[in-house]
């Protein structure tokens, strides 16, 4: 991994199944201020995964996941999971 990306705060790889996407790509919600990890979480929410499944997929604790969710919801201007799913779909979550 490029150390310049890590120091810039963009060094978290996105997970899509078993394939990591390069961190220099544009990601869902980047223009809304979402970090790469928040975008990953929103994408997995939009796919219908539970918090437990997302935490396992992203290799993070459930409490860390909840922090990412709260931060992403604030940036997206949503309050509920159903709103986050809609926002994610409307903004290109695959």
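Panel order for 59, 91, by other beta carbons found within 10 Å of each beta carbon, from fewest to most: 59, 91. Going by neighbour counts of Cβ atoms within 10 Å, the residues 89, 45 line up, fewest first, as 89, 45. Label-to-label distance for residue 74 and residue 31 is 2.4 nm, based on points extended 7 Å past Cα in the beta-carbon direction.
By the beta-carbon count within 10 Å of each Cβ, the least crowded to most crowded order of 64, 43, fewest first, is 64, 43.
All of the numbers you see were taken from the coordinates with simple rules; none came from a lab. Keep in mind it's a predicted model, so treat the numbers as computed, not measured. Here the Cβ is made from the backbone with ideal geometry for all residues, glycine too, and neighbour counts use every protein chain on show.
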